[in-house]
């Protein structure tokens, strides 16, 4: 086993563990912190797959901006008074366990019966696609018009939000 594959599996294990901790914690702030850990593990996974641009965007957008939003919402809702969940077995818990078991069986099936890994040419192309240079060249050559249309729509949305907020203040 090579070092990149060891790093991939280690980060994958940490990502799964942190995801489990996100959904099992009763304290919403601790759950949000474990979600940040999960986002950083996913960024590390992207780096092992040679997708540097996606890794940086993962940290900037999700671990940065989105998590700040989540923490603000948690603090504004003041979730200090948590209710106890019912201890009995409900149909929702049975369905959840069944879906988890089906997902586990699917993962085992994929791991046992997966085809051989892609050829060297496909891996070389995949490592090129994730780089910032490739994304930038595609964005500003092949996809220039959709990029410009998106920027105009976002600018119009920002101006509209400012106009609506200013009208509400007056």
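Quick notes
- Scan the range 23-55 for residues that are on the phi < 0 side of the Ramachandran plot and touching a residue at least 60 places away in the same chain (Cβ under 8 Å) and the total you get is 6.
- Helices (runs of 4 or more DSSP H) fully within the range 1-77 that include at least 3 residues being within 25 Å of residue 103 (Cα to Cα): 3-24, 28-48.
- Every residue from the range 1-40 that is surrounded by 17 or more Cβ atoms within 10 Å (Cβ to Cβ) and either outside the structural domain of residue 54 (by TED's automatic domain parsing) or farther than 23 Å from residue 61 by Cβ (or both): none
The values are calculated or read from the model by the stated rules, or taken from the named source; none is laboratory data. All values derive from a computational prediction rather than experimental measurement. Cβ coordinates were reconstructed from backbone atoms using ideal geometry, including for glycine residues, and neighbour counts include every protein chain displayed.
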